[in-house]
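Taking it in order: structure first as structure tokens, then the write-up.
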2 protein chains.
Amino acid sequence: MATPPHPLQTFFNPETVAVVGVSEKPDNLGRVISGNLHSFGFNGIVYEVGPDGGTIYGRRIYRAVSDIPDRVDLAVLLVPARVVPEVLTECGRKGIRHVIIETAGFSESGPDGALREQEVAAIAAENDIRFVGPNCIGLVNRHAGLSTAFVTLDPLLKEGGTSVITQSGGVGISILNMLASEGGGLAKMISVGNKVDIDENDALEYLIDDPETEIITMYLEGIQDGRRLMSLARSTDKPILIHKSNIGEAARGIASSHTAALSADDAVVDAALRQAGIARFRDSETLVHYLKALTLPPMRGNRVAVLSRSGGHAVIAADACELQGLQLAELPREFLDEAQTHLRANVISLTNPMDLGDLFDLDVYERLAEGTLKMDGVDGMVFMHTYMVGPDGDRSQRLFERLHELSVETGKPVAVHADTVASEVSRLKQVLPGPVFQEPSDAVRALSLLRDYWKVEVPAPVRPDGPADAAAVRAILDTCRREGRNPLLQESMAIASAYGVPVIASRLAATEDEAVAAALELGLPAVLKVISPEISHKSDLGGVQLSIRSEEGVRTAYGEIMEAVAAGAPGSHVAGVLVQPMLRGGRDLIVGARLDPNFGHAVVAGMGGVFVEVFRDVAIRIAPFPKSAAAAMLRELKVWPVLEGVRGQEASDVDALIDAILAVARLVTDFPEIVELDLNPIRVMASGKGCLALDARMNLAPLS
Amino acid sequence: MATPPHPLQTFFNPETVAVVGVSEKPDNLGRVISGNLHSFGFNGIVYEVGPDGGTIYGRRIYRAVSDIPDRVDLAVLLVPARVVPEVLTECGRKGIRHVIIETAGFSESGPDGALREQEVAAIAAENDIRFVGPNCIGLVNRHAGLSTAFVTLDPLLKEGGTSVITQSGGVGISILNMLASEGGGLAKMISVGNKVDIDENDALEYLIDDPETEIITMYLEGIQDGRRLMSLARSTDKPILIHKSNIGEAARGIASSHTAALSADDAVVDAALRQAGIARFRDSETLVHYLKALTLPPMRGNRVAVLSRSGGHAVIAADACELQGLQLAELPREFLDEAQTHLRANVISLTNPMDLGDLFDLDVYERLAEGTLKMDGVDGMVFMHTYMVGPDGDRSQRLFERLHELSVETGKPVAVHADTVASEVSRLKQVLPGPVFQEPSDAVRALSLLRDYWKVEVPAPVRPDGPADAAAVRAILDTCRREGRNPLLQESMAIASAYGVPVIASRLAATEDEAVAAALELGLPAVLKVISPEISHKSDLGGVQLSIRSEEGVRTAYGEIMEAVAAGAPGSHVAGVLVQPMLRGGRDLIVGARLDPNFGHAVVAGMGGVFVEVFRDVAIRIAPFPKSAAAAMLRELKVWPVLEGVRGQEASDVDALIDAILAVARLVTDFPEIVELDLNPIRVMASGKGCLALDARMNLAPLS
């Protein structure tokens, strides 16, 4: 049985298109669409439809879709929102199975629009219609001359390998304008708008298999099915670049009124995209750098050679390397000495960055660039060329072309910076086979993006092996479910322990005397923590006392806790206190997880203590993930050098922390009803001495 | 008595210029200079000089400077380095007092060049010649048509108010190219090269008084007289923008070989520039944003209104506001409701950011923009306009012009983003009276730069009042001087104390028994620290023991310290141990100072403890400074929220810390021979409970 064609196949490659909403009026937007199809060189047949009839571009405007005397592969609707249901029904009757609804005024505009959107979805389902939109500008297939946008595209926009999926039509057009001005080429664009039927994942799935698409760029204000997005991204080697906007509270207002996007926690989005090998960018400038950089060969390491005709630019590029974490490659003395013989004696002494001075000899430049690129110790090159348009113009263009060839030949990226008047840089962008950068720092940035892109490891989404007494956890969770509450502290500790997290010794004490006995048994100094199903943030209430050094101290602390709780949370059911020994030494971290509605369980590891709010030093991964990802989480923390043992300090037991992270990942994978889990603090001791969860907190999903 | 004219007056406004180093050869660079003077419309007289004679531009090339039959105000030398001394001598004989030496091959190229540079300086001094360079491209006075550069300037470069001081000619030309392509205008440029005579401060002094200069931009690879730079900057209201490159180890190699720049500690540079009200930028992109933003009215607060024709761009701008710390202004409901009536009913609901939808009515836009700008709660506006060049072109240009007028009328900045094809944006940049931004995030960035620029307070360089027992300090320092050593721990503590820093109670104990007595007197638990003139980093050696809880413990600790010191620093002169009580509670910070060779004493305050290396959370000010600056230092620390008392934590005694910072500032002001001073840790207790230096370390300048 043959696989049915992807629904977007016909959207991107229709033989007949009907544009519905066209009139003879000069400000009619529908006529812009059909004008664009004409000027863009669409290779199919176009029909115009509008209730007032008339003629346009030498063709009849049909009064209704049903009047079209032909099969219609794709209908593009730009009619008032209130008539969309009626026109869509008509399309169904005519047998049209692919519709783009560009009209705005649906869920993004309020409750009335949302109702209308539901109606449209129902009509489409009844009539077996797949649709893009509403509230979008539709599709572009540059290679087929198809554009359903109601704005004109830049005539400079070439055919190429970049495809674009966008939630906002305006931003999509901005990306195409940028692509055109940088001399880049487009394969396809799709504006998904309110994405009621076809969404970004459908589009991604299509473009992953589209032979004309080499790089996929996405602009999204909300991500719903993050898991599918991650899994699609993992299935392909094509670079995927995403601008996920709407990062915080401030933007949330406009996004929900604009395309009814739901906002996910931005740090989770960030981690999830990285984990799936997707490169995230946050402004078009970075997108430009990415798209240009990705036309270059891979950057397999961190070592850059900088060649410059201007010493000042060489200094600026070296600064940029330092800021971007790139290393200036060490060039062998012999090579530099040999190179020196080609330059004016004694004027400039060669090093990396290499200041070429004002000599401009194409052969010398080429030899230096080639020799440098061929060295094992060099992973990429920034070549900065300063020149005057008149006298140096042609030779400079040849130099740039030659540098591009060298880049291809050696398989290493060469980012060229053309330091000249802006009009010349614009010209170069259109005529050169490779990218040109306008600033030294842009060229360096491009190489660092390229390095980061090729450095990313995409861990397989596998549940890590390890201790997992699922029956014990199930029993505790069932009890909680039955009693309609979240696990208590000691239950949470038991759950963590069942999955292999070492937890501190604890005794539950229901009375003052029991507390004293427990403290003496576990050893002083002791810690007392109140236990109550109603109290989750114990210390805020005065429900925790530390460093209790005597029997008398235990009695006082017990009394004070009970008083504090009675005052702060009157009426709570207090089961007693948990008694623990007070630990000395070690460092406090946090390990936890929370269920993100779009991506699944996000596992978090980070610095603990009073500075956690200040430095927000956390690493996040979406579960499940293998051990390598847990280790990478710790390495990306800012406190990593401290854990490793900075300046003669004791190294921490990193392996024990990794095991704790993996235990949490297993736990939320096996018990997805745990929507929140905090091991806070988890204290890691010196290398080889393990770690201990000192406190644990879990919340379960409400029973449905 | 009249003030003599500034030496640069003649450099920038010569009536007669001699270009020395001109020949008939087509690749001669000297002829480019004289060609530029011609095409740039220089309003004076030009003479060419070259040993081979000949003719050029219909004029004779004189064989020697002495052959010129006229007074010469300014000579521009582009002759081989080896003949520069001879030509300069000739200039002196001819009575030329102002010379630009563009030739390279001096100190930047090695020891031979450095010798030649000294010779040139000596000849100039003997002949009363002021000179710019060597290794530079000289000057541009756009209003007089003067350019001594040996490269051609972009013909788009207009007359304007921006002046440029640059150490690298190449970077100077890049800035002018950028200015031209952005539609900005130039007043003057000076390339100071190796700055042997005229340096950046001389140029700054001149441009501060230059009526044609409104904004001063500097590119520097090294700053020598940082104090003069700061004091010049404080003397003017003209914005000064500096790109100080050569930030670290990586760049240091090339800079010293390029313009023999000395590199200063970058964090000190950063702090010093900010303290003087200078805006620092690190890439040309930021410079562009600054120059464009500074043509707008001041941004007096943090509240922005965002208006956009594309909802997607509105979301992106809101994200950018969040990232740049700008707040979306609250617009009153009544205003939004009124505005709503002008838009297509129910399509878009207004808020901030305001999504204007696809209606384009200039009157409505103008009314909305004006109404919003006039609100008290709005400090600035981002206006994003998406349009097609053909149909919307003229109306859009009128909109931009009107927005500029509104900005001027209301005295609030409006950053406009033109979202259209690149060629149209380039055109707008040349024709509009105000700046145009190519990206929503650029427009937001410009407003945030403007806010930061206007927010900066420039503290007066005054020595703060406070306790200062100078005689006591003098006595200790004299003893140290006599004995050829740095102050010991207890001496450093005494010095700090003499200037009002509270220090922990300490007893010097020469024997074990004395240590026991001291510990019992001060109270247990105790701390013991070894005292030896040879040992500065005591804990690294095992010379410190904390938390000693008994007499027996003191004896053991004393023995262990002596053993550790004997093993780790054999032969040291051990004066005994310092006994201190062990403190509970509080937070550890670092307060200190170090002498920066270029700027003077940098006072540092920061987070202490194990994370200091990881987070590098420090604030720096150049002494002297007033109390307001000390308070600002603490506020700019990342740990500030913790000091203030975050999440119910106890607030720290910030006033006591401020006093300690001011004491350090007074101390290094009064005793500049203290080249390094560390109060580390200084422990700050809860609000009202003061702070205590627990340890102190000082180094004195070597006796000359």
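Among rounded, prolate and oblate, which fits segment A:505-582 when a ≥ b ≥ c are the square roots of the eigenvalues of its C-alpha gyration tensor, a/c under 1.5 means rounded, and a/b larger than b/c means prolate? Judged from the Cα gyration tensor, segment A:505-582 comes out prolate (a/c at least 1.5, a/b above b/c). The length gained on full extension between B:Ala701 and B:Thr3, counted as 0.36 nm times the residue separation minus their Cα-Cα distance, comes to 247.4 nm. Residues whose amide H comes within less than 5 Å of that of A:Ala693, counting only those at least five positions distant or on another chain, are A:Val503, A:Ile504, A:Arg683 (H built at 1.01 Å from N in the peptide plane). Summing Cβ point charges (Lys, Arg +1; Asp, Glu -1) relative to the Cα centre of segment A:297-455 gives a dipole of roughly 360 debye. Against the main long axis of the alpha-carbon atoms of chain A, helix A:111-126 sits at an angle near 70°. Stretched out straight at 0.36 nm per residue, the stretch from B:Arg395 to B:Leu508 would grow longer than its current Cα-Cα span by 32.4 nm. Across segment A:75-98, the residues whose backbone nitrogen lies under 15 Å from the label position 7 Å along the beta-carbon direction of A:Asp128 are A:91-98.
In whole Å, how far is the Cα centre of segment B:433-493 from that of segment B:45-106? Centre-to-centre distance over Cα atoms comes out at 47 Å. For segment B:7-246, DSSP calls about 20 percent of its internal beta bridges antiparallel. Seen against the Cα atoms of chain A and their longest principal axis, helix A:422-431 is set at about 80 degrees. Straight-line reach from B:Lys429: taking Cα to Cα under 22 Å and skipping same-chain neighbours fewer than 8 places apart, the lysines in range are A:Lys429, B:Lys158, B:Lys188, B:Lys292, B:Lys412. Backbone geometry of segment A:535-549 corresponds, through the Karplus equation with coefficients 6.51, -1.76 and 1.60 at θ = phi - 60°, to 3J(HN,Hα) couplings of 10, 9, 8, 5, 5, 4, 8, x, x, 10, 10, 10, 6, 7, 10 Hz, x marking Gly and Pro.
Amide H contacts for B:Val164 (H built 1.01 Å from N in the peptide plane; partners 5 or more residues away or on another chain; cut-off under 5 Å): B:Lys188, B:Met189, B:Ile190, B:Thr217. For segment B:505-582, the dipole from Cβ point charges (+1 on Lys and Arg, -1 on Asp and Glu) about the Cα centre works out to 220 debye, to the nearest 20.
Note: relative contact order over segment B:453-501, using C-alpha pairs below 8 Å and six or more positions apart, is 49 percent.
Shape class for chain A: oblate, because the ratio a/c of the largest to smallest gyration tensor axis (alpha-carbon atoms, square roots of eigenvalues) is 1.5 or more and b/c is at least a/b.
Using the alpha-carbon atoms, what tilt in degrees (0 to 90, nearest 10) does helix A:440-455 show relative to the longest principal axis of chain A? With rounding to tens, the tilt is 60 degrees.
So in the protein assembly as shown, what percent of DSSP beta bridges are antiparallel if you round to the nearest 5?
Working: 98 of 204 bridges.
Restricted to the protein assembly as shown, the bridges split so that about 50 percent are antiparallel.
Label sites at B:Arg300 and B:Arg59, each approximated as a point 7 angstrom past Cα along Cα to Cβ, lie 5.3 nm apart.
Counting every other Cβ atom within 10 Å of each residue's Cβ, A:Arg451, B:Arg280 order from fewest to most as B:Arg280, A:Arg451. Phi-derived couplings, Karplus 6.51 cos²θ - 1.76 cosθ + 1.60 at θ = phi - 60°, listed residue by residue for segment B:51-67: x, 8, x, x, 10, 7, 6, x, 10, 6, 8, 5, 7, 8, 4, 5, 7 Hz, with x used for Gly and Pro. Projecting label points 7 angstrom from Cα along Cα→Cβ for A:Ala267 and A:Thr10 puts them 4.7 nm apart.
Can you find, among B:Ala526, B:Ala475, B:Gly543, the residue farthest towards the positive end of the dipole of segment B:471-572? Put +1 on the C-beta of Lys and Arg, -1 on that of Asp and Glu. In segment B:471-572, that residue is B:Ala475.
For the pair segment B:1-29 / segment A:600-625, the C-alpha centres are spaced 63 Å from each other.
Placing unit charges on the Cβ atoms of the charged side chains and taking the dipole of chain B about its Cα centre, the candidate lying farthest along the positive direction among B:Ala494, B:Pro14, B:Met685 is B:Pro14. Taking other Cβ atoms within 10 Å as a rough exposure proxy, A:Thr55, B:Thr351, B:Thr217, A:Thr295 sort from fewest to most as A:Thr55, B:Thr351, A:Thr295, B:Thr217. Rounded to the nearest Hz, the phi-derived 3J(HN,Hα) couplings of segment B:90-95 under the Karplus curve 6.51 cos²θ - 1.76 cosθ + 1.60 (θ = phi - 60°) are 4, 4, x, 4, 6, x, where x marks glycine and proline. Using only side-chain charges placed at the Cβ, +1 for Lys and Arg and -1 for Asp and Glu, the dipole size of the protein assembly as shown relative to its Cα centre rounds to 220 debye.
Annotation: extensible slack from A:Val83 through A:Glu673 equals 208.0 nm (criterion: 0.36 nm per residue apart, minus Cα-Cα distance).
Annotation: amide H of B:Ile100 within the under-5 Å range of B:Ala75, B:Val76, B:Leu77, B:Val132, sequence separation 5 or more or interchain, hydrogens built in the peptide plane.
In which sequence would A:Asp442, A:Asp513 go, from the one with the fewest C-beta neighbours within 10 Å to the one with the most? Present the calculation step by step, with values, prior to reporting the outcome.
Values: A:Asp442 23, A:Asp513 12.
Lowest count first: A:Asp513, A:Asp442.
Approximating the spin labels as points 7 Å out from Cα along Cα→Cβ, the A:Ala566-to-A:Leu29 distance works out to 6.8 nm. Averaging Cα coordinates gives a centre for segment B:151-193 and one for segment A:649-704; these two points are 59 Å apart.
Go ahead and estimate [θ] at 222 nm for chain A from helices alone: -39,500 (n - 2.57) per DSSP H run with n ≥ 4, summed, over the residue count, rounded to 500.
Numbers: 24 runs with 276 residues, N = 704.
It lands at -12000 deg cm²/dmol.
Since only B:Phe131, B:Asn598, B:Val436 are under comparison, the one whose Cα sits farthest along the positive direction of the charge dipole of chain B, derived from C-beta charges on Lys, Arg, Asp and Glu, is B:Phe131.
Calculated FRET efficiency, B:Leu524 to A:Arg635, Cβ-Cβ distance, R0 = 45 Å: about 0.60 to the nearest 0.05. In percent, rounded to a whole number, the relative contact order of chain A is 9, using alpha-carbon pairs under 8 Å and six or more apart.
Throughout, read-outs are computed from the coordinates displayed, never taken from laboratory work. This one's a predicted model, so the numbers in the text were calculated from it and none came from an experiment. For neighbour counting, all protein chains shown are included, and Cβ atoms are generated from backbone atoms with ideal geometry for every residue, glycine included.
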